[in-house]
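Asker: One structure, pasted below without further comment.
The values are calculated or read from the model by the stated rules, or taken from the named source; none is laboratory data. None of the values given here were measured: they were computed from a predicted structure. Every residue, glycine as well, gets a Cβ built from its backbone with ideal geometry; the counts of neighbours run over all protein chains shown. SASA here: full protein model, heavy atoms, side chains in, ligands and nucleic acids out. Shrake-Rupley method; radii C 1.70, N 1.55, O 1.52, S 1.80 Å.
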Amino acid sequence: PMSGSSATALVRIEGTIEPNSSASAENVIKALRAAYQNVSVSGVILQINSPGGSPVESADINKEISRLKGEYPGIPIFTVIREQCASGGYFIAVASDKIFANKASLIGSIGVRMDSFGFVEIAEKIGVSRRLITAGNDKGFLDPFLPLQQKHVDHVEKILAEVHNLFIEAVLKSRKDKI
């Protein structure tokens, strides 16, 4: 833009939010900072097309958006959702001033999940035994060839609930009047 003119910056989050990706916290935060620090920018559009990803990466981006909004209160940030915005993507979106979505956009939950498989019965059936050597209590608790113990389920559910509460707090912080 020419001197004295105004511009809108566009920052894209495309794909899974994870380290070493174009949608990593490092890359998105770098782009957001560049947008806000540009003297010609009078507004920021955050375009999201993501199924989510890392809660840590998403939380870092959410926190940075909040920080930048505090440092540059005259520069609004609006999120535009393309095909999808789920989980960590929505965690990021709620930090913006407004969210715009197409009626056909898929907006997902802010839930937290951990996936694994269990092969204990099939290993027993074909005569395979698991040999796992660890140092530290419960180090192999997610091993798919070991039986799942309730204490491990309880522990993981507690961790997931804590992360889920961070998501809920982020939504309530910026969207409680819209819920």
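Asker: If residue 66 passes every condition in (1) of a type outside the set (Asp, Glu); (2) under 17 Å from residue 36 (Cα atoms); (3) in contact with a Ser or Thr (Cβ under 8 Å, 6 or more places away or on another chain); (4) outside any strand (DSSP E or B) but one, which one does it miss?
Answerer: (3)
Asker: OK, next. Looking at (1) open to solvent by 60 Å² or more (accessible area, probe 1.4 Å); (2) over 16 Å from residue 95 (Cα atoms), which is the only condition residue 41 fails?
Answerer: It is condition (1) that residue 41 fails.
Asker: Right, another one. What tally of residues in region 33-79 results from selecting those that are among the aromatic types (Phe, Trp, Tyr) and either farther than 25 Å from residue 102 by Cα or free of Cβ contacts under 8 Å to residues at least 24 places away in the same chain (or both)?
Answerer: Of the residues in region 33-79, the ones among the aromatic types (Phe, Trp, Tyr) are 36, 72, 78.
Now narrow it down to the ones that are either farther than 25 Å from residue 102 by Cα or free of Cβ contacts under 8 Å to residues at least 24 places away in the same chain (or both): 36, 72.
Adding up the residues that qualify gives 2.
For every residue, the table says whether it meets (1) acidic (Asp, Glu); (2) more than 21 Å from the chain's Cα centre (by Cα); (3) under 27 Å from residue 57 (Cβ atoms).
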position	(1), (2), (3)
87	no, no, yes
91	no, no, yes
100	no, no, yes
103	no, yes, no
116	no, no, yes
141	no, yes, yes
154	yes, yes, yes
167	no, no, yes
174	no, no, yes
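Asker: Keeping to region 99-141, report how many residues are assigned to a loop (DSSP other than H, G, I, E, B), without any contact (Cβ under 8 Å) to a residue 12 or more places away in the chain and open to solvent by 100 Å² or more (accessible area, probe 1.4 Å).
Answerer: Residues in region 99-141 being assigned to a loop (DSSP other than H, G, I, E, B), without any contact (Cβ under 8 Å) to a residue 12 or more places away in the chain and open to solvent by 100 Å² or more (accessible area, probe 1.4 Å): 6 in total.
Asker: Quick test for you: out of 61, 107, 133, pick the one residue that is out of contact with any Ser or Thr (no Cβ under 6 Å at 6 or more places or on another chain) and over 25 Å from residue 164 (Cβ atoms). First the steps, then the outcome.
Answerer: Numbers: 61 fails: over 25 Å from residue 164 (Cβ atoms); 107 fails: over 25 Å from residue 164 (Cβ atoms).
Result: 133 is the single residue among 61, 107, 133 that is out of contact with any Ser or Thr (no Cβ under 6 Å at 6 or more places or on another chain) and over 25 Å from residue 164 (Cβ atoms).
Asker: Would you pick out the residues in region 44-81 that are modelled with pLDDT of 95 or more, open to solvent by 50 Å² or more (accessible area, probe 1.4 Å) and more than 21 Å from residue 7 (Cβ to Cβ)?
Answerer: Selection gives 60, 63, 67, 70.
Asker: Could you list, in sequence order, all residues of region 142-179 that are within 24 Å of residue 94 (Cβ to Cβ), open to solvent by less than 50 Å² (accessible area, probe 1.4 Å) and touching a Phe, Trp or Tyr at 6+ places or on another chain (Cβ under 9 Å)?
Answerer: If the condition is that a residue be within 24 Å of residue 94 (Cβ to Cβ), open to solvent by less than 50 Å² (accessible area, probe 1.4 Å) and touching a Phe, Trp or Tyr at 6+ places or on another chain (Cβ under 9 Å), then 167, 170, 171 are the ones that fit.
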